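Written out below as structure tokens is the structure these notes cover.
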Amino acid sequence: MFKVPEVAQNRLPDLLKLMPKAELHIHIEGSLEPELIFRLAKRNNVAIAFKSIEELRSAYAFTNLQTFLDIYYAGASVLIHEQDFYEMAWEYFLKASSDNVVHAEIFFDPQTHTSRGIPMKTIIEGLARACRDAAEKLQISSALILCFLRHLSEQEAFETLEQALPFKDHFIGVGLDSSELGHPPEKFAAVFAKCRDLGLHLVAHAGEEGPIEYIWSALKTLGVERIDHGVQSSKDPDLIKYLSSKRIPLTVCPLSNVKLKVFAHLSEHNIGQMLEKGLCVTINSDDPAYFGGYINQNFIETFEALKLDAHHAYSLAHNSFEASFASAVQKEEWYRELGQCFKRFTGKE
Ligand code: HPA
Ligand code: ZN
């Protein structure tokens, strides 16, 4: 067991920035910065409802998940060509690299684009090319996870899967996102069963603003391996017991939760308590262009608000690797690098 060294509170932000980490909950369309939205809108001749970057940014005042999603889908309408998808993902990788992300499992929402007539091939090949470049030029390993939009029907999810199967080598799993309330996981039981048979990994957003029952349903009916968000779990001791005994990870996104009013303030966030209870929780950025920061910003603000320390930092980074879909050999390598980083940081190596 690695002995985490003591680190002075004022040196913690540097450690948080420096430590290697995995990001497991990032919607690539949520990394579209206003500058890139405007650049692509101009290049592709797409009209957008905002006159300037500043006007667009000032519309990022959300009251719940749906008010965010309306703007998020509008922003994604500027993505037309393979190169657009490539540039969006490449810009994310540059940010991830400067945050010392060494591995990213990235959500994409094909239905947001295929519904506008963009071919599945254009979407997936653009994203996959950025993933290859990230490995080669930035030494970041990555994988794509195709998300079904839960406000649409299961039949539409099946059709989307069908369109994506020719590109199956380019994604490792499926997820479930978009408007949670009124769209329980069990609505997608059959398509998730098919994906399981295809050997794909399974994850789902649950318990972001939806009820605890949705988390149970994602686990028991869909059979997911990770819960995205899942912050409502802390209200159910049986669920906490279940998650911790099975080491089922929760990919938590603190700045997102505050921006979407799941918690009134970061100081009220329950990630510290869940970590103390032994849950495999991780910190992620969700939609960093919309929620006020990339992964390191999430770490820094959360640690400051909740007064977390180096032990929490080590656990969160370790959890991020443990919760990933990488191989056991690769995880061991990351654990070693994480330990070395902590030792180097305190100058005790
Ligand atoms: N929740 C649900 N759907 C989403 C989100 C989210 O936080 N971000 C992008 N799609
Ligand atoms: Zn999300």
Original post:
How would you classify the range 275-326 from its alpha-carbon gyration tensor, with a ≥ b ≥ c the square roots of the eigenvalues: rounded for a/c under 1.5, else prolate if a/b is greater than b/c, otherwise oblate?
Top reply: oblate
**OP:** Round to the nearest 10 and give me the degree value, 0 to 90, for the angle of helix 120-138's Cα axis relative to the longest principal axis of the chain.
**Re:** 30
Original post:
Counting pairs of Cα atoms in the range 233-349, how many percent are more than 24 Å apart?
Top reply: 29
Subject >> Two-site label geometry, K3 and A74: point separation in nm, points 7 Å out along Cα→Cβ >> reply: 5.7
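Order the peptides 198-206, 23-31 from the highest to the lowest mean number of other Cβ atoms within 10 Å of their residues.
Values: 198-206: 21.0, 23-31: 26.2.
In decreasing order of mean packing, 198-206, 23-31 become 23-31, 198-206.
Does the range 78-205 come out rounded, prolate or oblate, given a ≥ b ≥ c as the square roots of the eigenvalues of its C-alpha gyration tensor, rounded meaning a/c under 1.5 and, failing that, prolate meaning a/b above b/c?
Because a/c hits 1.5 or more and a/b exceeds b/c, the range 78-205 counts as prolate.
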Original post:
Calculated FRET efficiency, L18 and E268, Cβ-Cβ r, R0 41 Å, to nearest 0.05?
Top reply: 0.90
**OP:** Taking every Cα atom in the chain, find the radius of gyration and the maximum pairwise distance Dmax, and write them in Å.
**Re:** 19.2, 58
Original post:
Just R132, R116, R150 to compare: in a GNM of the chain, with alpha carbon springs under 10 Å, which one fluctuates most?
Top reply: R116
Original post:
Could you give the angle, 0 to 90 degrees to the nearest 10, between helix 34-44's Cα long axis and the longest principal axis of the Cα atoms of the chain?
Top reply: 30
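Give me the number: length gained by fully extending A135 to F325, i.e. 0.36 nm times residue separation minus the C-alpha to C-alpha distance, one decimal in nm. Working shown, then result.
Numbers: separation 190, 0.36 × 190 = 68.40 nm, distance 1.63 nm.
Going from the current span to full extension adds 66.8 nm.
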Original post:
Lys/Arg Cβ at +1, Asp/Glu Cβ at -1, dipole of the range 143-285 taken about the Cα centre: which of L152, A164, S267 is farthest positive-ward?
Top reply: S267
Original post:
Taking H as built 1.01 Å from N, whose amide H comes closer than 5 Å to the amide H of A326, not counting residues under 5 places away?
Top reply: none
**OP:** Would you please state which residues of the range 201-226 a label at K235 would reach in this model, taking the label point 7 Å out along Cα→Cβ and a backbone N cut-off of under 15 Å?
**Re:** 206-217
Subject >> Chain lengthening between Y335 and K261 when straightened (0.36 nm per residue, less Cα-Cα) >> reply: 23.2 nm
Original post:
Once label points are set 7 Å from the Cα along Cα→Cβ at both R116 and E225, what is their separation, rounded to one decimal in nm?
Top reply: 3.1
Original post:
In degrees, nearest 10, range 0 to 90: what is the angle between the Cα axis of helix 328-345 and the longest Cα principal axis of the chain?
Top reply: 50
Original post:
Say we join alpha carbon atoms closer than 10 Å with springs in a Gaussian network model of the chain; which of N44, N298, N257 then has the biggest fluctuation?
Top reply: N44
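Quick one: grab the alpha carbon gyration tensor of the range 194-236, order the square roots of its eigenvalues as a ≥ b ≥ c, and give me rounded if a/c is under 1.5, else prolate or oblate depending on whether a/b is larger than b/c. Please list the in-between numbers first.
On the way: a/c = 3.05, a/b = 2.33, b/c = 1.31.
Cα axes put the range 194-236 in the prolate bin.
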Original post:
Check G173: other-chain or 5+ apart residues with amide H under 5 Å from its amide H, H built from backbone geometry?
Top reply: L146, H201
Subject >> Beta bridges by DSSP in the chain, antiparallel share as percent, to the nearest 5 >> reply: 0
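Rule-based calculations on the coordinates, nothing more; no lab input. Since this is a predicted model, take the numbers as computed values, not measurements. Every residue, glycine among them, receives a Cβ derived from its backbone with ideal geometry; neighbour counts consider all protein chains shown.
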